[in-house]
Amino acid sequence: MSSAASALGGRRTQWESQRSFDELGRPLRDVTFCVVDLETTGGSAAGGSMITEIGAVKVRGGEVLGEFQTLVNPHTAIPPFIAVLTGISNTMVADAPSIESALPAFLEFAAGCVLVAHNAPFDVGFLKHFAAAQERPWPAFEVVDTARLARRVLTRDDTPNCKLATLARVFGAATTPNHRALADARATVDVLHGLTERLGGLGVHTLEELQTFSSRVSTAQRRKRHLAEALPHAPGVYLFRDDGDRVLYVGTSRDLRTRVRSYFTASETRSRMGEMVGLATSVTGIECATTLEAQVRELRLIAEHQPRYNRRSRNQAKVTFLKLTRETWPRLSLVKRVLDDEADYLGPFSSRRTAEKCLAALHETFPIRQCSGRLPRLPSRAPCVLAELDRCLSPCDGSVDETAYGSVVRQLRDALVRRPDAVVEAINQRMSTLAADERFEEAGAHRDRLAAFVRAASRTQRLSALSRCPEVVATRREDDGRWAVHVVRHGRLAAAGVIPLGADAHQYVAQLRATAETVADAPGPVPAASAEETEQVLRWLEAPGIRLVDIDGEWVCPVAGATRHLALHDAVAQSRRDLVPFDERRELTPVHRPVR
């Protein structure tokens, strides 16, 4: 086997200027990097290309700790242009080990390191592909891409491009890249050192800061890192404020201090975050017992303060409901709030456009009247166009009696609250007919209407099931071995806590319930909190490892409810998200934000 791994030393230390590291994160001088480069027969492992050479350099604090190099027999002919480019011929690899032997040796060499590569998706992608082919677990390597980092650090004045050969010249690398794996890995080491030296002057001293660095964060913003110093290393909510004490932005984190500090060095893909940090003069932290409490507090604080830099969750109260009225001749209408009038409601919808799609799906299935206003028991109006098209039972001109009309309304009500199959089957049949006639755009419109209805019905059924319960107490063991406890009343988080180690669990839960917020029931399917809050609570309650301590009431959803249809629509929405521009994706699927 033509591999060599040797402990080397004596190379000059290149990070002498970075000896003052921040206490947060892992200092770069203490991180062991494994800089790797591959030579292959082509550009895609999935397309059948093979690895012909692996080269790697292990380095820490600017000193080389060891090197690894091996040719790899691809068991296929190397294309002539690849052989000319790399100098690796079929004869050279004939006696080399196969990837089945070379990959385990490399993984052993790189164990415990942070992988570094120039254009890392290529090299790491090949390695992961062959690890999967060998059914070998892929280690949880952290990865640094020097090409991506260079594009963030360097300008056109520094370098015309970010190719490895160009960067090697810019940073005066001791090794010239020549499309051989070990030589290119050695050159990448020097490029890595050059980039980190530049970043050191910008306040980037830890691996975490290196991974999240963005050149869009100005030096002035980096100097504001002191705003995070008073925050605890604990879960909670943070509020950026300006010089007038106005809240600019609200967020959550499992570690308040680390997360807030990242705003002054991190790569922020969200728009206007740099502007927000530039305006901020203080940061307030609210420590929370659990991450769920932090998520809920974030939603409530956003609703209260309406921060200008929070794009989502600002309009939790601006929603639309679809209402099936209670009258002699019921109809569907879009309303802004739920009344205690025993009517059936669907929602809430955050977008009126989505509510209108849902309404269209129901009108497509059930021919109830679409005219507004109340009708007398014995109406005497002229029929509308919909009646002439057989899309309305036309109670306005006496074409249908109360019994027949009421039967259709009962089917509609059943579709809303229990079983959506009538709507699903009707619209699926309509889509099939349109697709057969190659009227795909119309079929797509019906698909969107059906998806809007299924999501709304599922959401309503899930929210109303929890909001009907006067109290739900649940617990889950956290990573530190303690038990997190939450008290939920009518869908609203009323109390949260963590049982101290060694404490009496029953007594702690009883005290938490006794001091929990008093919550009154809300009318209809609406929870006693915002829909977003109750959905956060539901996601926690439905997570693995949850144990129900006590339930007051019945927490049940219909067996044949709309949720069983969601998987198909989620898959369709995800495939569409992969094809449409980013700005159009918000209409396709809901976004759940994790606590960071």
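The values are calculated or read from the model by the stated rules, or taken from the named source; none is laboratory data. All values derive from a computational prediction rather than experimental measurement. Don't worry about glycine lacking a Cβ; one is built from the backbone with ideal geometry, like all the others, and counts go over all protein chains shown.
Go through the stretch 61-81 and give me each residue that's in contact with an Asp or Glu (Cβ under 8 Å, 6 or more places away or on another chain) and within 22 Å of VAL124 (Cβ to Cβ). Show your work before the answer.
At the first step, the residues of the stretch 61-81 found to be in contact with an Asp or Glu (Cβ under 8 Å, 6 or more places away or on another chain) are 61-62, 69-73.
Within the stretch 61-81, GLN69, THR70, LEU71, VAL72, ASN73 qualify.
Among the residues of the stretch 490-539, write down those that are over 30 Å from VAL335 (Cα atoms), in a helix (DSSP H, G or I) and in contact (Cβ under 8 Å) with a residue 24 or more places away in the chain.
VAL509, LEU512, ARG513
Residue by residue through the stretch 110-126, note down the ones that are more than 13 Å from LEU149 (Cβ to Cβ) and of a type outside the set (D, E, K, R). First the steps, then the outcome.
Step one: filter the stretch 110-126 for residues more than 13 Å from LEU149 (Cβ to Cβ), giving 110-113, 115, 121-126.
Matches in the stretch 110-126: ALA110, ALA111, GLY112, CYS113, LEU115, PRO121, PHE122, VAL124, GLY125, PHE126.
Under the condition of being without any contact (Cβ under 8 Å) to a residue 60 or more places away in the chain and touching a Ser or Thr at 6+ places or on another chain (Cβ under 7 Å), which residue from the stretch 336-366 is nearest to GLU425 (Cα to Cα)?
Applying the filter and picking the extreme gives ARG352.
The rows are residues; the columns are (1) under 29 Å from the mean Cα position of the chain (by Cα); (2) of a type in the set (D, E, K, R); (3) under 22 Å from ARG418 (Cα atoms).
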site	(1), (2), (3)
ILE499	no, no, no
GLY502	no, no, no
VAL509	no, no, no
ASP521	no, yes, yes
GLU533	yes, yes, no
GLU542	yes, yes, yes
GLY561	yes, no, yes
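Here's the yes/no breakdown for (1) surrounded by fewer than 19 Cβ atoms within 10 Å (Cβ to Cβ); (2) at pLDDT 95 or above:
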site	(1), (2)
THR155	yes, no
ASP158	yes, no
ALA165	yes, no
THR188	no, yes
HIS205	no, no
GLN211	yes, no
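Surrounded by 14 or more Cβ atoms within 10 Å (Cβ to Cβ), among the basic types (Lys, Arg) and either closer than 23 Å to ARG462 by Cβ or touching a strand residue (DSSP E or B) at 6+ places or on another chain (Cβ under 9 Å) (or both): which single residue out of LYS323, LYS318 fits that description?
Numbers: LYS318 fails: surrounded by 14 or more Cβ atoms within 10 Å (Cβ to Cβ).
It is LYS323.
Could you please let me know if VAL93 is crowded, with 17+ Cβ neighbours inside 10 Å, touching a residue at least 12 places away in the same chain (Cβ under 8 Å), in the same structural domain as LEU195 (by TED's automatic domain parsing) and touching a Pro at 6+ places or on another chain (Cβ under 7 Å)?
Values: crowded, with 17+ Cβ neighbours inside 10 Å: yes; touching a residue at least 12 places away in the same chain (Cβ under 8 Å): yes; in the same structural domain as LEU195 (by TED's automatic domain parsing): yes; touching a Pro at 6+ places or on another chain (Cβ under 7 Å): yes.
Considered against the rule, which asks whether it is crowded, with 17+ Cβ neighbours inside 10 Å, touching a residue at least 12 places away in the same chain (Cβ under 8 Å), in the same structural domain as LEU195 (by TED's automatic domain parsing) and touching a Pro at 6+ places or on another chain (Cβ under 7 Å), VAL93 comes out as yes.
Just one of ALA147, ALA234, ALA228 is under 30 Å from ILE51 (Cβ atoms) and among the hydrophobic types (A, V, I, L, M, F, W, C); which is it?
Details: ALA234 fails: under 30 Å from ILE51 (Cβ atoms); ALA228 fails: under 30 Å from ILE51 (Cβ atoms).
Just a single option satisfies the conditions, and that option is ALA147.
This table checks each residue for (1) small (Gly, Ala, Ser); (2) within 22 Å of PRO348 (Cα to Cα); (3) surrounded by fewer than 20 Cβ atoms within 10 Å (Cβ to Cβ).
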| site | (1), (2), (3) |
| --- | --- |
| GLN370 | no, yes, yes |
| PRO376 | no, no, yes |
| CYS392 | no, no, no |
| ASP401 | no, no, yes |
| THR433 | no, no, yes |
| GLU441 | no, no, yes |
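Looking at the structure I just gave you, is ALA456 within 29 Å of ARG254 (Cβ to Cβ), small (Gly, Ala, Ser), within 36 Å of the chain's Cα centre (by Cα) and crowded, with 20+ Cβ neighbours inside 10 Å? Break it down into steps so the answer makes sense when it comes.
On the way: within 29 Å of ARG254 (Cβ to Cβ): no; small (Gly, Ala, Ser): yes; within 36 Å of the chain's Cα centre (by Cα): yes; crowded, with 20+ Cβ neighbours inside 10 Å: yes.
Here the answer is no, as ALA456 does not meet what is asked.
Looking at HIS226, HIS179, HIS233, can you tell me which residue is surrounded by fewer than 20 Cβ atoms within 10 Å (Cβ to Cβ), modelled with pLDDT under 90 and part of a loop (DSSP other than H, G, I, E, B)?
On the way: HIS226 fails: part of a loop (DSSP other than H, G, I, E, B); HIS179 fails: modelled with pLDDT under 90.
Testing whether each residue is surrounded by fewer than 20 Cβ atoms within 10 Å (Cβ to Cβ), modelled with pLDDT under 90 and part of a loop (DSSP other than H, G, I, E, B) leaves just HIS233.
Please go through (1) out of contact with any Ser or Thr (no Cβ under 6 Å at 6 or more places or on another chain); (2) assigned by TED's automatic domain parsing to the domain that holds LEU548 for TRP483 and return the number of the only condition it doesn't satisfy.
(1)
When you scan the stretch 339-430 for helices (runs of 4 or more DSSP H) that lie fully inside it, which ones turn up with 1 or more residues that are of a type in the set (A, V, I, L, M, F, W, C) and within 27 Å of THR534 (Cβ to Cβ)?
Numbers: elements: 352-365, 385-388, 402-417.
Of the helices (runs of 4 or more DSSP H) lying wholly inside the stretch 339-430, those with at least 1 residues that are of a type in the set (A, V, I, L, M, F, W, C) and within 27 Å of THR534 (Cβ to Cβ) span 352-365, 402-417.
Each row is one residue, and each column tells you yes or no for (1) part of a strand (DSSP E or B); (2) closer than 19 Å to ALA187 by Cα; (3) not hydrophobic (A, V, I, L, M, F, W, C).
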residue: PHE33; (1), (2), (3): yes, yes, no
residue: ALA46; (1), (2), (3): no, no, no
residue: SER49; (1), (2), (3): no, no, yes
residue: GLY66; (1), (2), (3): yes, yes, yes
residue: HIS75; (1), (2), (3): no, no, yes
residue: ILE82; (1), (2), (3): no, no, no
residue: ALA96; (1), (2), (3): no, no, no
residue: GLY112; (1), (2), (3): no, no, yes
residue: PRO121; (1), (2), (3): no, yes, yes
